[in-house]
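Step one of this worksheet: look at the structure below.
Computed from the coordinates by the stated procedures, all read-outs in this text should not be read as laboratory data. Predicted model, so just to flag it, every value in this text is computed and none were measured. Please note: Cβ atoms are built from the backbone with ideal geometry, for glycine as well, and neighbour counts cover all protein chains shown.
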Amino acid sequence: MPDSDFVQQDFQRRLRNIPPLGMGLSVDVYSPNLFELVNKLRERKLQPGYLEVFKAATTALTTVRQAVSDIPLAYHGEGLWITQPDVQESPFFQQDVGEMVTQLNSIQSLWLNHECAMKQMAGYSFGTYIPPLYTRLSAEVVAANIVTVQQAMDRQGRRADGTAPLFLLEMPPLTYFFAGTIPIPHFFRLITALVPCGLVLDIGHLWTAYRYTAACRQISLERFVGAFLDEFPLERVIEIHVAGLACHETVGEPKAGEGLPEWIDAHAAPIPSILFSMLEQVLAHSNLVSLRAVALEVDTKPIEMIVEEYAETVRRFSFLVQQTMARGTAVKPLMGLHPCPASVQEPVCQSDRQQLRDDYARYAQIISGQVPIIGIEWQDVASDATGLTRYRESYLPHEILHWGGDLEEMFPQTCRALVERGVCLTEFVSFWFRSPRPLTHSYDFFLLKIERFLEFVTERAPDARVFAEQESDSLRLAYAQANEVGEPVMEMEPSQ
Ligand SMILES: [Fe+2]
């Protein structure tokens, strides 16, 4: 095992390269239009301290870097499934890491933020993030994968001053259920003992960790947050996210007196006031000594709402955030500018990797409703399956049929032909999860939908395949063109 003092010193060495950025926004380049948003904020004299930009076409990121040269940029990655024991064996892993480093360099980001979550596991694909199995072995695998990514950043992302971007691991949301054998904060403590990564604490995700574990039936939210923060490696938290929460469109709002709402992570939705009370509690915790940035995560949110929420948050929290960051930067920096090896962690042995591979295959089959709930990490769910049932019966079918591309809009002619032949579209959900599939390209849910739907039609209504092929071709063409153009509209007004 690595020397935890060494890991801690390595983290401190990397941390000192990250200046305090203050309050900012975590955004998408396209939705809403980033330049329009920045202009609106500047009109209100609300220039953000930084912008964390979600993965996009590299040309688009380069355009952003040039257009907002006076605002520091940070990078929110996607598509490196570091929770998975076989991710490094994927034929696309090296390519994905290479692209990620190119993008980090193109915006001169000080960090790579990546969710500790996946959208693919054991040959099964999903549209939205699924949390890891919260087990000891799973934590060791995450740590080993972070080491590999950090080493790639140290090699290829090194800047002229010898520093490299830091891997930040974000605690993901729970979407109705929790699977694991150890508490969430303990899981992250195991990881930070092994690798010198930083962390992102998302306040809305923390709310879902309360809502979708037994805690919400046992203790108050305030007590849960207090206990969580005492155990979580808060000293590694570099960035805090605050984003909206909302009931999924397949779930109604709770009626008065019905208890806690079934909110899930929803960046387009307003930020509930309870999250700001939680933020206060987090900022007041004495272990929060490495904080550099606090962002409202606002991708897909209407610009007017972003501006109002950001103005109010700055008014209420900027002093507190400055105070908290000063607490952190007052810590005496350690020697040395150059990054050290990311860790001296021993590799996870093959039999453990195989074990975890099997656990993840069962995970995918359980949450897609193919097999019963069996296994020690499913004890919570076995005692109350309400949340998993919600996920299996409402959330997941909606994801496959409508989210990230509505099938009836993508394939109107084929869908009409299926109806005429008595094939129900909902059968596509079980078809999708019927068996694991080898990866044919880097993760892209839209392309996956096209590929799988074509196979579905071929099997269920072979004579309708001709329609599906025509519609697939035009969808792929339009998608490729959109990605190639990829440029956000740039109409910047001079900064004020
Ligand atoms: Fe987040």
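What's the exposure ranking of His76, His285, His205, going from fewest to most Cβ atoms within 10 Å? Display every interim value, and only then the final one.
Details: His76 26, His285 16, His205 23.
Arranged by neighbour count, lowest to highest, His76, His285, His205 become His285, His205, His76.
Given H placed 1.01 Å from N in the peptide plane, which residues other than close sequence neighbours of His241 have an amide H under 5 Å from its amide H?
Placed amide hydrogens put Leu201, Asp202, Ile203, Ala295 under 5 Å from His241.
So, in Å, what gap is there between the alpha-carbon centers of the stretch 284-310 and the stretch 376-444?
Spelled out, the Cα-based centre of one part sits 33 Å from the other.
For a footprinting-style exposure proxy, rank Ser430, Ser90 by other Cβ within 10 Å, fewest first.
On the way: Ser430 13, Ser90 18.
Placing the least packed residue first, the sequence is Ser430, Ser90.
For Ser90, what residues show an amide H to amide H distance below 5 Å, using hydrogens built from the backbone and excluding near sequence neighbours?
Hits under the 5 Å cutoff: none.
Let me have the relative contact order for the stretch 203-332, percent, based on Cα pairs under 8 Å that are six or more residues apart.
Working: 152 pairs, mean separation 37.3, N = 130.
RCO, the stretch 203-332: 29 percent.
Which lysines, if any, have their Cα less than 26 Å from the Cα of Lys45, not counting same-chain residues under 8 positions apart?
List returned: Lys301.
Evaluate the charge dipole of the stretch 97-164 about its Cα centre and quote only its size in Debye, nearest 20, assuming +1 on the Cβ of each Lys and Arg and -1 on the Cβ of each Asp and Glu. Walk me through the numbers on the way to the answer.
On the way: 5 positive and 5 negative charges, 7 e Å.
Here the size comes out at about 40 debye.
Output the peptides 164-170, 286-292 sorted from most to least packed, where packing is the average of other Cβ atoms within 10 Å over each peptide's residues. Don't skip to the answer; put the middle values down first.
Working: 164-170: 25.1, 286-292: 19.0.
Descending mean neighbour count gives 164-170, 286-292.
Sort 7-13, 24-30 by the packing proxy (mean of other Cβ within 10 Å over each peptide's residues), most packed first.
24-30, 7-13
To the nearest 500 deg cm²/dmol, what mean residue ellipticity at 222 nm is calculated for the chain from DSSP H runs of n ≥ 4 alone, each contributing -39,500 (n - 2.57), summed and divided by the residues?
Numbers: 20 runs with 230 residues, N = 496.
Here the helix-only value at 222 nm equals -14000 deg cm²/dmol.
Report, in degrees rounded to the nearest 10, the 0 to 90 angle that the Cα long axis of helix 303-329 makes with the longest principal axis of the chain.
Here the helix axis deviates by roughly 40 degrees.
Would the chain count as rounded, prolate or oblate if I go by the C-alpha gyration tensor, calling it rounded below 1.5 in a/c and otherwise prolate when a/b exceeds b/c, oblate otherwise? Intermediate values should be presented prior to the final figure.
Values: a/c = 1.42, a/b = 1.28, b/c = 1.11.
Note, shape of the chain comes out rounded.
Indicate the gyration tensor shape class of the stretch 345-496 (rounded, prolate or oblate), computed on the Cα atoms with a ≥ b ≥ c the square roots of the eigenvalues: a/c under 1.5 is rounded; otherwise a/b larger than b/c is prolate and the rest oblate.
Values: a/c = 1.87, a/b = 1.23, b/c = 1.52.
Cα axes put the stretch 345-496 in the oblate bin.
³J(HN,Hα) across the stretch 421-438 via Karplus (A = 6.51, B = -1.76, C = 1.60, θ = phi - 60°), whole Hz, x for Gly/Pro?
8, x, 9, 8, 4, 5, 5, 5, 5, 5, 4, 4, 9, 4, 8, x, 9, x
Need the C-alpha centroid separation for the stretch 159-197 versus the stretch 200-266, integer Å.
18 Å
Quick one: Karplus J couplings for the stretch 30-38, per residue in order, coefficients 6.51, -1.76, 1.60, θ = phi - 60°, nearest Hz, x for Gly and Pro?
Each residue of the stretch 30-38 in turn: 9, 9, x, 4, 5, 6, 4, 4, 4 Hz.
Please state the shape class of the stretch 404-485: rounded when a/c is under 1.5, otherwise prolate if a/b exceeds b/c and oblate if not, all from the C-alpha gyration tensor. Working shown, then result.
Numbers: a/c = 2.03, a/b = 1.28, b/c = 1.59.
Oblate, since a/c reaches 1.5 and b/c is not below a/b.
What order do you get for Lys255, Lys55 when you list them from fewest to most C-beta neighbours inside 10 Å?
Numbers: Lys255 7, Lys55 18.
Taking fewest neighbouring Cβ atoms as first place, the list is Lys255, Lys55.
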